[in-house]
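Read the structure below first, then the notes.
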Amino acid sequence: MTTMPAVLLNRVWHATSADRWAAIRQSGAILPDPPIPDSARWHTSAGAPGFPFVRSLGAVSLFDLRVFEATSYDARYPASRWRNFIPPNDDGRYGVWLAIDWVALGPQFISASALLERWSAEGEQRRPIMPMLEAAHLGPLGIEHICAVWQCQAGPDNQPIWHQVPPCEDRS
């Protein structure tokens, strides 16, 4: 069973692919609605009315791992599919993890607990969310708020090998 890698704990992250990371660097921001097909996104098969809650807000989806413990989370939210995002995964879509300076985001940052409260208060239960794990940033999230970048590649026996890479060495 996939566990949460220790390198990811105690921070806020955005998960992406190597190709999308290059596009983020080029644009200067993580975009709420980047120019990628819905087929390459999480939970879009139901069409726009069933898009994830964060996407409906025009926000960037983040993982709020400041307080996360897999066993208790799984017991409380057994339907959550957080492991689909944790490398190694079959297609490599989430092999690059961008650590976000969430404090510097100010009021545009919505913590996992606040996002879940908003989802419930707005009656958006038909829209998927990863409760108490998914956070959001309203609008584009500038790369100046990325404080670390970690990449995961499959090693021997498909074991994940994590290594840190320079955050924004190429902004051209």
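Structure data summary
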{"quantity": "Residues of region 115-161 satisfying the condition of being buried (at least 16 other Cβ atoms within 10 Å of the Cβ) and of a type in the set (Val, Ile, Thr)", "calculated": "Ile129, Ile143, Ile146, Val149"}
{"quantity": "Members of region 8-28 found to be under 18 Å from Ile161 (Cβ atoms) and assigned to a helix (DSSP H, G or I), listed by number", "calculated": "Leu8, Ala18, Trp21"}
{"quantity": "Identity of the residue in region 142-156, assigned to a strand (DSSP E or B) and in contact with a Pro (Cβ under 8 Å, 6 or more places away or on another chain), that ends up modelled with the lowest pLDDT", "calculated": "Ala154"}
{"quantity": "Flag for Gln164 being loosely packed, with under 14 Cβ neighbours inside 10 Å and either among the aliphatic types (A, V, I, L, M) or in a strand (DSSP E or B) (or both)", "calculated": "yes"}
{"quantity": "Every residue from region 99-113 that is without any contact (Cβ under 8 Å) to a residue 12 or more places away in the chain and open to solvent by less than 40 Å² (accessible area, probe 1.4 Å)", "calculated": "Gly106"}
{"quantity": "Answer residue from region 26-54, given it is open to solvent by 70 Å² or more (accessible area, probe 1.4 Å) and at pLDDT below 90 and is nearest to Arg118 (Cα to Cα) among those", "calculated": "Pro49"}
{"quantity": "Matching residues in region 144-167 - criterion: being within 30 Å of Leu57 (Cα to Cα) and in contact with a strand residue (DSSP E or B) (Cβ under 6 Å, 6 or more places away or on another chain)", "calculated": "His145, Ile146, Cys147, Ala148, Val149, Trp150, Gln151, Cys152, Pro167"}
{"quantity": "Positions within region 121-141 being among the hydrophobic types (A, V, I, L, M, F, W, C) and in a strand (DSSP E or B), in sequence order", "calculated": "Ala135, Ala136, Leu138, Leu141"}
{"quantity": "Contacts under 8 angstrom Cβ, first residue in region 1-28 being hydrophobic (A, V, I, L, M, F, W, C), partner surrounded by fewer than 16 Cβ atoms within 10 Å (Cβ to Cβ) and assigned to a loop (DSSP other than H, G, I, E, B), 6 or more apart", "calculated": "Val12/Arg66; Ala18/Gly92"}
{"quantity": "Region 64-90, subset acidic (Asp, Glu) and open to solvent by 90 Å² or more (accessible area, probe 1.4 Å), residue modelled with the highest pLDDT", "calculated": "Glu69"}
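The values are calculated or read from the model by the stated rules, or taken from the named source; none is laboratory data. A quick note: this is a predicted structure, and the numbers were derived from the prediction, not measured. Virtual Cβ from ideal backbone geometry, glycine too; neighbours counted across all protein chains shown. Heads up: the accessible areas ignore ligands, DNA and RNA and are worked out on the full protein's heavy atoms, side chains in. Shrake-Rupley method; radii C 1.70, N 1.55, O 1.52, S 1.80 Å.
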